[in-house]
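Enquirer: My questions all concern the structure below.
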Protein chains: 2
Amino acid sequence: MKVNGRLPINLKVVIEGEEECGSESLPVFLRERRKELDADVILVSDTAMLAPDQPSLCYALRGICYTQIEVTGPSKDLHSGHFGGAVTNPANALCAIIAALKDGDGKITVPGFYERVRAITPADRENMKALPFNEKAFIGESGSPVAAGEKGYSTLERTTVRPTLDVNGMWSGYIGEGSKTVLPSFAAAKVSMRLVPDQDAHDIFRRFEAYVKKLAPAGVTVRALDLHGAQPWITDPGHPMLEAAKRALERAWTRPPVMIREGGSIPVMAVFEETHHLPSILMGFGLDDDQVHSPNEKFSLSSFHGGTKSVAYLYEELAKSGA
Amino acid sequence: MKVNGRLPINLKVVIEGEEECGSESLPVFLRERRKELDADVILVSDTAMLAPDQPSLCYALRGICYTQIEVTGPSKDLHSGHFGGAVTNPANALCAIIAALKDGDGKITVPGFYERVRAITPADRENMKALPFNEKAFIGESGSPVAAGEKGYSTLERTTVRPTLDVNGMWSGYIGEGSKTVLPSFAAAKVSMRLVPDQDAHDIFRRFEAYVKKLAPAGVTVRALDLHGAQPWITDPGHPMLEAAKRALERAWTRPPVMIREGGSIPVMAVFEETHHLPSILMGFGLDDDQVHSPNEKFSLSSFHGGTKSVAYLYEELAKSGA
């Protein structure tokens, strides 16, 4: 606007404010406004760059199945001396259930969990190996002493093309200072699984629920809640609409972008696909050290300025390509 | 005092206000005032009755080793999509460690844990079986749907003559409403073990600490804290000093008391033994439905009045027996 006095294309802006709590309203909104929101291409800036100076286009996202396991045993908290040893402790039971969800190789044990997972081809592996991904810097940024995960896969594969299972939170009994000799009546954990094509979030939840119930020892009742889900998303990395994005990124950063897959989930992508059947450009500028979902989260100034330029060039390139 | 105008014996009263947080000060006090607090017999009223109308004298208590396991992985909370799959999740690791602390038969797997546990004799078993213990009522009072515990032992044995291991509390990551896709940097649990003669609380802590550290997977650091400990305590159920207590209870409740062992711990018993070498009478009036360490804890009026009478008669009986 500042340089040319006008935008080279028409823009429709959709702002999502609920993504971190499951995007309850957006699918309804997109379905209701399907026609008003018709377009030629969708641009989403919610992905990351492989390095601060390496523009990156994302062509696949993991989905998610976010659950809560609730284990109830005694009807009230008990004295651990008086009743300890005679009843099933729901906190111990929850730990046993969670421990049983992965085997020694880091494989998830939910029956049928990998049934629909697309195997990575030798060519995929070669492409991923060729990416300028700095594993040491990535693990360093995590603050974890070592890389660790599913046997037989690299760190980049583990975080993009392979599904995962992580405890996001758990609680039971007395969690204050010092000691209280209570045998808790209740224990719970938030457990989420990142999903990859062609896993289905609903199917995975049903399998997960059946399995954790089966793992429950005598003396406790186990309930699984489906807190939210998002389908994995993948597009053809050679899609013509992405060519405009590649040119724009190269102009802005003076180097060509790499094509990457991401480990996070953007639930609206699968919804857009369902409601609008449009090609999508995932052109994001996040960095590994952004402390995403952690204290002191930031967005880098180099990404802010480079991202602004990239998007302006993209509008020009889309106009040129006749979108 | 009201009936006879004077007490039949001399009384020294020690009030303990720190028992639920580890009795840090009392041992020091008892050592310093050893002479002033000299006596012929110690009376403690902190135990339970086998039934509301069944007076009970306790001759053994379990000890306790109360620990906190702290598992640290990444140096900060991470985005579970971006880093999930590539690093060890401390909450998953903590669950695996806790799950590994017991085997399928409910046996504690800490190496050497049972080394000093006194085996129960066939005669012990017969005595326990003869007690008017109502297992169904006991488990019913716990609010647990079934009895469950170490294989090969009865409920009464599990709660008195066998050691236990229970999670008393645990916490990690996001524990609020709904979902947050965080991979937590830290997870912790309070884990306590009830100990029986001749286990030693310090020895058990050292074994426990070494074992949980050994169980730590790559990518996390595990620390164990010794929050507090108490030695198990046992006395001769036929000790002459207990005869006065038996007579007093029979006068107050119009039926003879039973001799029982208790599952809880009274840390000061082992300290009294060390500082004063005196016989102890554990004459308590708690009931299974007292909701001990739980909301709505109560002390029954029948126990209050029956207990008051019992203690008054005990002073007379002790005076008669020349204590």
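Enquirer: More than 17 angstrom separation, counting every C-alpha pair in region B:115-205; what % is that?
Expert: That fraction is 66 percent.
Enquirer: Compute the distance in nm between two label points, each set 7 Å from the Cα along the Cα-to-Cβ direction, one at A:GLU20 and one at A:GLU177.
Expert: 3.0 nm
Enquirer: In Å², and per residue, what accessible area does region A:218-308 have when probed at 1.4 Å with the other protein chains present?
Expert: 44 Å²
Enquirer: Related question: Wrap a convex hull around the Cα atoms of region A:134-292, take a quarter of its surface area, and give that in square nanometres.
Expert: Hull-based average projected area comes out at 13.9 nm².
Enquirer: State the volume of the convex hull built on the alpha-carbon positions of region B:63-118, expressed per residue in Å³ and rounded to an integer.
Expert: Dividing the Cα hull volume of region B:63-118 by its residues yields 116 Å³.
Enquirer: Just going by the charge dipole of chain B, with Lys and Arg at +1 and Asp and Glu at -1 on Cβ, which of B:PHE133, B:VAL271, B:PRO55 is farthest out on the positive end?
Expert: B:PHE133
Enquirer: Please state the charge dipole magnitude for chain A, taken about the Cα centre, from unit charges on C-beta atoms (+1 on K and R, -1 on D and E), reported in debye and rounded to the nearest 20. Show your work: numbers first, answer last.
Expert: Numbers: 35 positive and 41 negative charges, 47 e Å.
Dipole magnitude for chain A comes out near 220 debye.
Enquirer: How about region A:134-195: which trypsin sites (Lys or Arg not before Pro) there are in a DSSP loop, with at most 13 other Cβ atoms within 10 Å of their Cβ?
Expert: Taking region A:134-195 and a limit of 13 other Cβ atoms within 10 Å, the loop trypsin sites (Lys or Arg not before Pro) found are A:LYS151.
Enquirer: Between chains A and B, what is the buried accessible area summed over both chains (1.4 Å probe, protein heavy atoms, nearest 100 Å²)?
Expert: For chain A against chain B, roughly 6200 Å² becomes buried.
Enquirer: A follow-up question, please. Non-local amide H neighbours of A:THR67 (under 5 Å, H modeled in plane, Pro and chain starts lacking H): which ones?
Expert: A:VAL191, A:SER192, A:MET193, A:LEU227
Enquirer: Using Cα-only point scatterers and the Debye equation, what is log10 of I(q)/I(0) for region A:257-320 at each q in 0.30 Å⁻¹, rounded to two decimals?
Expert: Taken in order of the listed q values, log10 I(q)/I(0) reads -1.23.
Enquirer: Once the convex hull of the alpha carbons of the protein assembly as shown is built, what does its volume come to per residue, in cubic angstrom?
Expert: 181 Å³
Enquirer: Quick check for you: which residues of region B:9-37 have the amide N under 18 Å from the point 7 Å beyond the Cα of B:MET1 toward its beta carbon?
Expert: So the set is B:9-15.
Enquirer: For the pair B:LYS35 and A:LEU11, how long in nm is the line joining their label points, each one 7 Å along Cα→Cβ?
Expert: Going from the B:LYS35 label point to the A:LEU11 one covers 9.0 nm.
Enquirer: If you don't mind, there's one more thing I want to ask. In whole Hz, with x marking every Gly and Pro, tabulate ³J(HN,Hα) for region B:35-43 from phi via Karplus 6.51 cos²θ - 1.76 cosθ + 1.60, θ = phi - 60°.
Expert: Using θ = phi - 60°, the values come out as 6, 4, 9, 5, 7, 9, 7, 10, 10 Hz.
Enquirer: Suppose R0 equals 41 Å; then what is the FRET efficiency for A:LYS214 and A:ASP124 from their Cβ-Cβ distance, rounded to the nearest 0.05? Walk me through the numbers before you get to the answer.
Expert: Details: r = 34 Å, r/R0 = 0.83.
My answer for the efficiency is 0.75.
Enquirer: In region B:225-323, what GluC sites (Glu not before Pro) fall in a loop by DSSP, with at most 16 other Cβ atoms inside 10 Å? Spell out each step's value before the answer.
Expert: Working: sites: B:GLU243, B:GLU250, B:GLU262, B:GLU273, B:GLU274, B:GLU297, B:GLU316, B:GLU317; in loops: B:GLU297.
Within region B:225-323, the qualifying GluC sites (Glu not before Pro) (loop, at most 16 other Cβ atoms within 10 Å) are B:GLU297.
Enquirer: Residues of region B:185-214 losing 50 Å² or more of accessible surface, assembly versus chain alone, probe 1.4 Å, please list them.
Expert: Checking the loss per residue gives B:LYS190, B:ARG194.
Enquirer: Per residue, how much accessible area does region A:83-184 have with a 1.4 Å probe, in Å²?
Expert: 41 Å²
Enquirer: Right, here's the next one. For an R0 of 25 angstrom, estimate the FRET efficiency from the Cβ-Cβ distance between A:MET259 and A:HIS305 and round to the nearest 0.05.
Expert: It comes to 0.60.
Enquirer: A further question on this structure: Of the listed pairs A:LYS180/B:LYS309; A:LYS180/B:LYS136; A:LYS107/B:LYS107; B:LYS102/B:LYS129; A:LYS190/A:LYS213; B:LYS12/B:LYS190, which have alpha-carbon separations greater than 25 Å here?
Expert: Going by Cα-Cα distance, A:LYS180/B:LYS309; A:LYS180/B:LYS136; A:LYS107/B:LYS107; B:LYS102/B:LYS129; B:LYS12/B:LYS190 fall outside the 25 Å limit.
Enquirer: Can you tell me the dipole magnitude for the protein assembly as shown around its Cα centre, using point charges on the Cβ only (Lys, Arg +1; Asp, Glu -1), in Debye to the nearest 20?
Expert: Around 440 debye, computed over the protein assembly as shown.
Enquirer: Moving on to the next point. What residue among B:SER56, B:SER179, B:SER80 shows peak mean-square fluctuation when chain B is described by a Gaussian network model with Cα springs under 10 Å?
Expert: Sorting by GNM fluctuation, first place goes to B:SER179.
Enquirer: If the only charges are +1 at each Lys and Arg Cβ and -1 at each Asp and Glu Cβ, what is the size of the charge dipole of region A:278-323 around the Cα centre, to the nearest 20 debye? Provide the component values of the computation, followed by the final result.
Expert: Numbers: 3 positive and 6 negative charges, 40 e Å.
In debye, rounded to 20, region A:278-323 gives about 200.
Enquirer: Then there is this: Would you mind counting up the charge near B:HIS276? Only other residues with Cβ under 15 Å from its Cβ, with Lys and Arg at +1 and Asp and Glu at -1. Mind showing how you got there, number by number?
Expert: Working: positive: B:LYS12, B:ARG31, B:ARG33, B:ARG34, B:LYS35; negative: B:GLU16, B:GLU32, B:GLU36, B:ASP38, B:ASP40, B:GLU273, B:GLU274.
With Lys, Arg at +1 and Asp, Glu at -1, the net is -2.
Enquirer: Another question, then. Please identify every one of the GluC sites (Glu not before Pro) in region A:1-103 that sits in a loop by DSSP and has no more than 13 other beta carbons within 10 Å of its own beta carbon.
Expert: Here the sparse-neighbourhood loop sites are A:GLU18, A:GLU24, A:GLU36.
Enquirer: Next question, about the same structure. If I build a Gaussian network model for chain A, linking alpha-carbon pairs within less than 10 angstrom, which residue out of A:GLY178, A:GLY284, A:GLY73 has the largest mean-square fluctuation?
Expert: In this elastic network of chain A, the residue with the biggest mean-square fluctuation among A:GLY178, A:GLY284, A:GLY73 is A:GLY178.
Enquirer: Please compute the net charge surrounding A:ARG255, taking Lys and Arg as +1 and Asp and Glu as -1 over other residues with Cβ under 14 Å from its Cβ. Provide the component values of the computation, followed by the final result.
Expert: Numbers: positive: A:LYS246, A:ARG247, A:ARG251, A:LYS309; negative: A:ASP53, A:GLU250.
The answer is +2.
Enquirer: Which of B:LEU57, B:LEU215, B:LEU156 moves most in a GNM of chain B, Cα contacts under 10 Å?
Expert: Greatest mean-square fluctuation among the candidates belongs to B:LEU215.
Enquirer: Take each uninterrupted DSSP H stretch in chain A, measure its Cα extent along the helix axis, and return the ones at 24 Å or beyond whose mean Kyte-Doolittle hydropathy is at least -1.0. Let's see the in-between values first.
Expert: Values: long enough: A:301-320 (29 Å, -0.12).
Those that clear 24 Å and a mean of -1.0 are A:301-320.
Enquirer: By residue number, which cysteines of chain B lack any other Cys whose Cβ falls under 4.7 Å from their Cβ?
Expert: Lone cysteines by the Cβ rule: B:CYS21, B:CYS58, B:CYS65.
Enquirer: Tell me whether chain A comes out rounded, prolate or oblate; compute the Cα gyration tensor, take square roots of the eigenvalues as a ≥ b ≥ c, and use a/c under 1.5 as the rounded threshold.
Expert: Note, shape of chain A comes out prolate.
Enquirer: Looking only at region B:157-172, which residues have a backbone nitrogen under 19 Å from a spot 7 Å from the Cα of B:ILE234 in the C-beta direction?
Expert: B:157-165
Enquirer: For region A:1-102, what is the convex hull (Cα atoms) projected area averaged across all directions, in square nanometres?
Expert: Result: a mean projected hull area of 13.8 nm².
Enquirer: Placing a label point 7 Å from Cα toward Cβ, how far apart in nm is A:VAL3 from its equivalents in the other copies, listed shortest first to one decimal?
Expert: Copy-to-copy label distances at A:VAL3, shortest first: 10.3 nm.
Enquirer: Can you list the residues of region A:253-301 whose accessible area drops by at least 30 Å² going from the chain on its own to the full set of protein chains, with a 1.4 Å probe?
Expert: Buried-area filter returns A:ASP288, A:VAL292, A:HIS293, A:SER294.
The values are calculated or read from the model by the stated rules, or taken from the named source; none is laboratory data. In this text the structure is predicted, and so the values were computed from the model without any measurement. Here Cβ is always computed from backbone atoms with ideal geometry, including for glycine, and neighbour counts include all displayed protein chains. Side chains included, ligands, DNA and RNA excluded: accessible areas come from the protein's heavy atoms. Shrake-Rupley method; radii C 1.70, N 1.55, O 1.52, S 1.80 Å.
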